[in-house]
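The values are calculated or read from the model by the stated rules, or taken from the named source; none is laboratory data. Everything numeric here is computed off the predicted structure, so don't read it as measured data. Don't worry about glycine lacking a Cβ; one is built from the backbone with ideal geometry, like all the others, and counts go over all protein chains shown.
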Amino acid sequence: MQSLPAIPDIFKLKRGAGSPRSFKDALTIFLFLLPALVLFLLFVIYPIFQSVYYSFFDWKGFGPAEDFIGLGNFKNILGDKVFMIALRNAGLLIVFSLLIQLPLSLLLAVMVGRDLPGRIFFRTIFFMPYVISEVITAIMWLFLLNPNPERGFINAVIVAFGGEAQPWLGDMTLVLPALFIALTWKYFGFHMLLYMAGLQNIPQEIEEAGRIDGANSLQNFFYITLPLLGSTIRTSVYLSVLGSIQQFILVWIMSKGGPVNASETLATYMIRFGFVRFQLGYASAVAIYMFVLCLTFSLIYQRLTRQSDYLTGL
Amino acid sequence: MTITRSRPRWNTKKIASRSFQYLILSLVVVIVFVPIVILIFGALKTRGEFMTQPYVPPIPPRWDNLTAILTKPSYDFWQMLLNSLIVMLSVTFSVVAICSLAAFVFARMEFRAKGLAFNLFTVGLMFPINIAILPVYFVLRQLDILDSLLAVIIVQTAFQLSGNILILRGFFTAIPAELQDAAYIDGCTAFGFFWRILLPLARPALGAVAALTMIVSWNDLLVPLIVLNSDKLWTLPLGTMQFQGQYGQDLSLVAAFVALSALPTIIFYLFAERQIVSGLTAGAVKG
């Protein structure tokens, strides 16, 4: 193939290399992958390496990065209390999601089940918040969470039941639960959809056999349905954890990470240092930490669950 | 002899459990609708009415806020709608074209670095745009394309590749290999097979990917927020956020703007629900 050197070796066919047919195929492979590869390498892979480079500098973003400080940024980040709050909040969001949001979605999926009349209606309604943009979700929940019970619906309901109006987004302990409520409103339908699809794949005969063998519906659920739903649950947990780590828009609009950094997330922390304070070297280091966190989690999780085909939740 | 499957009988226990199911599910329906309904109520009220009685139905409905947003040039609603449309259509077209080409190669052809190239794309799944936005910003600045719709289109497309290549690869793999062999025997080229046989067969899959991409692109705020400066280029989500910041005191006007910007998504969703659902579940659930 010396006369045709234009195509990199790696795109050549495994077998039968050398015939004109295989050259044509190699050309097809090369050209078909080219647009995806160029875009992906330039805008996804290359930025990772560039960020690693900038993270070693104290750099304000103007002119070339010259003030090399080695691992200084990485050390300073770990020494920053606000970063630790962001990390804790990511952890709390993960715990809330796994303990509340996902079981709730699963419960609803089981309730809607396979044959409930009107299941498509419920699915359509429950999934709707997922397609409504985060901006709109955030603004709607800003209305609902208004601290004044005459303006904010949530407080009005609490007062109507004899409770006390809460400041929600203005309170350092309530802000994260308040954000979590809005997040759950938006995302429970997505997880429910996954579980519904997973349930659809479980043959009804297995559950019927369980019933005939005398299992009640609770036993049926815990010993038959749940284990068979394993791969779907693992996917939904995976997506939920990755989503919690990178939460941004909803928090940015609803609380801006406040009050006093109480609802800071890793992404709001990075954006604040990158685009508000223009400490770009420092923010790059934050991005690297986030990337390493996601990567480590993904690899360990895939190893533990022996499943390597998780897809994006978009 | 035929065996009929035993049907659950309609006893009281069954009726009680069904009623309980419907009760809970209806409650959730109400919870889903509360924010939306309050938003729509607010959009149809005057500023004063929204302040004093935000939850009662808007009787009579006031259309002033909605017409103001649709007609007042300084609100720029139509310009933002147009910008969002340009971005969404370009991204969707690019994603479908680029991903189906790549997915075809990964599903249907063998070459030495296939595993390596495929793993490279899966890295993209662990590097979502929320984390990557700062690094990507540097690259856009070097290319000197900040503050342009082109930059938004390129970045959104690049970050939609990994997931959609995987989804399409799954669909393409499911198409029988015999078809490909038959096409090759009849003298079809790889591209010919891809273009004339595979793509028409995969139309539902392409529809799913397109619908998902449309939603993601239409709703994206982060990329326009970081990339765009000039208000003439703002997309609808960015414009909505800025509008809320600027007119935040006038709650009913904000509600009207938000309701109008949510409308296209909801209408689109009701028409394309099947595609969206099949795309998502194909992506995340294995058989």
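For the range B:140-181, give me the residue count where each residue is out of contact with any Leu (no Cβ under 8 Å at 6 or more places or on another chain) and among the hydroxyl-bearing types (Ser, Thr, Tyr). Of the residues in the range B:140-181, 1 are out of contact with any Leu (no Cβ under 8 Å at 6 or more places or on another chain) and among the hydroxyl-bearing types (Ser, Thr, Tyr).
Here B:Val123 meets the list (1) within 11 Å of chain A (Cβ to nearest Cβ); (2) buried (at least 18 other Cβ atoms within 10 Å of the Cβ) almost entirely, failing just condition (2). For the range A:126-147: of the residues being more than 8 Å from chain B (Cβ to nearest Cβ), part of a loop (DSSP other than H, G, I, E, B) and not polar (S, T, N, Q), which is nearest to B:Gln242 (Cα to Cα)? Only one residue fits best here, namely A:Leu145. Within the range A:213-225, the set of residues being surrounded by fewer than 16 Cβ atoms within 10 Å (Cβ to Cβ), part of a helix (DSSP H, G or I) and away from every other protein chain (no Cβ under 14 Å) comprises A:Gln219, A:Phe222, A:Tyr223.
Results for (1) under 23 Å from B:Ile129 (Cβ atoms); (2) of a type outside the set (A, V, I, L, M, F, W, C), shown as yes or no for each residue.
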residue: A:Val38; (1), (2): yes, no
residue: A:Phe43; (1), (2): yes, no
residue: A:Gln50; (1), (2): yes, yes
residue: A:Glu66; (1), (2): no, yes
residue: A:Met84; (1), (2): no, no
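Of all residues in the range A:245-275, those being under 25 Å from A:Phe297 (Cα atoms), assigned to a helix (DSSP H, G or I) and more than 19 Å from the chain's Cα centre (by Cα) number 3. When the helices (runs of 4 or more DSSP H) confined to the range B:70-144 are screened for residues that are more than 28 Å from A:Thr268 (Cα to Cα) and out of contact with any Asp or Glu (no Cβ under 6 Å at 6 or more places or on another chain), those reaching at least 3 such residues are found at B:77-108, B:114-123. Among the residues of the range A:194-212, write down those that are surrounded by 23 or more Cβ atoms within 10 Å (Cβ to Cβ) and farther than 14 Å from A:Arg114 by Cβ. Across the range A:194-212, the qualifying residue is only A:Leu194.
When restricted to residues that are closer than 19 Å to A:Gly243 by Cβ and surrounded by fewer than 19 Cβ atoms within 10 Å (Cβ to Cβ), the range A:135-179 contains 1. Limited to the range A:113-163, what total is found for residues that are farther than 30 Å from B:Leu280 by Cα and among the acidic types (Asp, Glu)? Adding up the residues that qualify gives 1. Inspect the range B:193-213 for any residue being closer than 30 Å to A:Tyr269 by Cβ and either buried (at least 17 other Cβ atoms within 10 Å of the Cβ) or assigned by TED's automatic domain parsing to the domain that holds B:Leu228 (or both) and give the result as yes or no. Yes: one or more hits. The conditions of being assigned to a loop (DSSP other than H, G, I, E, B), assigned by TED's automatic domain parsing to the domain that holds A:Ile136 and not polar (S, T, N, Q) are not met by A:Gly189.
Which is of a type in the set (Phe, Trp, Tyr) and within 20 Å of the chain's Cα centre (by Cα), of B:Phe171, B:Phe111?
Result: B:Phe171 is the single residue among B:Phe171, B:Phe111 that is of a type in the set (Phe, Trp, Tyr) and within 20 Å of the chain's Cα centre (by Cα).
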